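We did not get these values from a lab; they are worked out from the coordinates using the rules stated. Here the structure is a predicted model, which is why all the values come from computation and not from measurement. FYI the Cβ positions are ideal-geometry reconstructions off the backbone, even for glycines, and counts take in every protein chain you see.
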Amino acid sequence: MTMRSISRTGLALVLTSAGLMFSGAKAMAVSPCVTTQLPAPPTLCATGRNFNGYRMGAIGGVSLVDQIWNSHDVGQDPDKWELVKTAVETTIPATVAAFFSSATPSAYVQCRAQGLLEAATCEMNYINPIPGCALDGFDWGVISSSIYCLMAEQQHGLGDVFPWFVRLPALLCADAFQTRCEDVYHNFAAGTPLSLPPPPARTPPVPDTACFPYSQGTPTDPLCTGPYSDVFCHSVFIDCSYNIGP
């Protein structure tokens, strides 16, 4: 079982992009994470159609988190917060990968993904009984590696790196962020053992064997030597670097 399935958590949710948009109007009416608390869009997403994409993504991100938080299996129970995080980490990749189904995604799509990420992390912080950090490096590694694998598998290999986010969303934790993220990324996408134990109450995702052709190299040097080594290793760097210089 890969992390795309959350049956091990008992959370019976089917959150499609259409469903998220359908319930988005209600989310927008009640959550500050699509109004006053939503981070200002990056320059790419600040005007015109791209701004509309950012807003639509934000509505979907809030709706995604709210549906999980209000689900029967969670029931707004703060003691089930790890279940919320696991479900968010499972649902975001499929939603984002659906945005990027085209081999040449547009800036609008990129801004929509950005809005989803910003609002989802904002909403997690908004409803979290202990706010301040929505996702850490382990969580982001789970999300970003799954998105890489989903896109690589649906396109039968990525020919180039097109960053699926414009900037890291707010409310990520910087403590050992890159190390944790890269560790989980390599584990899930290429099957390499974790070098760090998972955080308390967290279970590492089962490696996605279907992704191995798009991440692994030779048996003696499994990373950064295969036919997709450049795009894979570049993706790990972009997705996991907490600060990327100009």
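Rank the residues Tyr228, Tyr214, Tyr148 as a footprinting-exposure proxy: fewest other Cβ atoms within 10 Å of their Cβ go first. Each step should come with its number before you reach the end.
Working: Tyr228 19, Tyr214 25, Tyr148 28.
Ranked by crowding around the Cβ, least crowded first: Tyr228, Tyr214, Tyr148.
Based on Cα positions only, what radius of gyration and what Dmax would you give for segment 88-210, in angstroms?
My reading of the Cα-based Rg and Dmax gives 14.4, 43 Å.
Would you order Ile92, Ile127 from fewest to most other beta-carbon atoms within 10 Å of each residue's own beta-carbon? Numbers along the way, then the final one.
On the way: Ile92 25, Ile127 19.
By the 10 Å Cβ count, ascending: Ile127, Ile92.
Taking the Cα centre of each part, how many Å lie between segment 140-185 and segment 44-61?
What the calculation gives is 21 Å, centre to centre.
In the neighborhood of Cys33, defined by Cβ-to-Cβ distances under 10 Å, what is the net charge if each Lys or Arg adds +1 and each Asp or Glu adds -1?
Local net charge: -3.
Packing-wise, with mean Cβ within 10 Å as the measure, how do 185-195, 74-84, 136-146, 203-213 rank, highest first?
The peptides rank, most packed first, as 136-146, 185-195, 203-213, 74-84.
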